[in-house]
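The structure under discussion appears below in the form of structure tokens.
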Amino acid sequence: MQKIEKLYEGKAKSLYSTENPDLLIQYFKDEATAFDGKKKGIIEQKGVLNNKISSRIFKYLEERGVKTHFVEMLSDREMLVKKLRIIPIEVVVRNIAAGSLSKRMGVEEGGRLKETIIEFYYKSDPLGDPMINEYHIKVFGLAEKEELAQMEASALKINKILSEFFDERGIILVDFKLEFGNHKGEILLGDEITPDGCRLWDKETKEKMDKDRFRRDLGKVEEAYQEVLKKVME
């Protein structure tokens with residue numbers, strides 16, 4: 001499968017058309033951004049690591065009944081995916097207080113939540129991906145009621161599967177971001193599942209193993225991503 005035309009270039013990935021109108025090539029880059037693009041940098045080999053991590057996780061989810069856009073890994077940096085009409089909503093799943101939730105609620109990072117929290121954010125770089133709720137989604141026509149229900153149910157199912165998956169490998173799944181899209185009438189999980197969009201902590205030491213190491217200048221970013229790849233391949 002060959003790349004024909006670049007259709008989209010984002011902060012971490014690019015999408016290319018192929019000879020099949022239903023399939024795209026997703027290319028993973030080494031560029032990293034944080035704080036709505038205010039902080040920029042390069043994480044060496046991030047694209048390679050994220051492609052391998054995401055491919056492994058998508059396959060694992062597919063085997064457990066979660067429908068995704070993943071078709072196959074083509075090369076170190078390229079993944080073949082189904083073309084989606086992306087729903088402009090980021091679904092964030094939170095198991096432990098961290099990041100913006102800790103700041104908003106004035107609670108210390110690290111406390112396990114009484115139950116999982118689902119949050120919705122409007123996918124808009126110019127607006128800084130603002131948090132929204134079901135009323136915003138309905139009034140502004142961002143998704144149909146049935147689509148939103150499917151996304152929420154899928155997010156909770158994915159959370160259960162991946163929390164157990166990471167726990168078995170000595171990692172705590174703190175929180176993570178999901179994106180969904182429509183493909184031939186079906187809602188599929190899209191984008192990626194990597195340390196870029198997940199908070200992952202070492203189960204024993206609580207050491208951060210994700211992009212927070214870049215955001216907070218903690219160092220050893222590449223090493224953390226490499227360790228995540230090593231563990232998810234077990």
Kirkwood Rh in Å, taken over segment 6-82 so that all alpha-carbon pairs contribute: 13.2
So, with points 7 Å from each Cα along the Cβ direction, the Gln2-Glu63 label distance in nm works out to 3.5
Pair Glu19, Phe35: separation of 7 Å Cα→Cβ label points (nm): 4.8
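For Arg112 and Lys157, what does the FRET efficiency come to when R0 = 25 Å and r is the distance between their Cβ atoms, rounded to the nearest 0.05? Could you put the intermediate results ahead of the total?
Details: r = 20 Å, r/R0 = 0.79.
For R0 = 25 Å, the calculated efficiency reads 0.80.
Run lengths n ≥ 4 of DSSP H only: what is the helix-derived mean residue ellipticity at 222 nm for the chain, with -39500 (n - 2.57) per run over all residues, to the nearest 500?
Details: 6 runs with 70 residues, N = 234.
Calculated at 222 nm, the ellipticity per residue is -9000 deg cm²/dmol.
Using a Förster radius of 35 Å, what is the FRET efficiency between Glu119 and Glu9 based on their Cβ-Cβ separation? Nearest 0.05, please.
0.85
Every number in this text was worked out from the coordinates using simple rules, so none of it is lab data. Just so it is clear, the structure is predicted and the values come from calculations on it, not from any experiment. Heads up, the Cβs are rebuilt from the backbone with ideal geometry, glycines too, and the neighbour counts pull from every protein chain shown.
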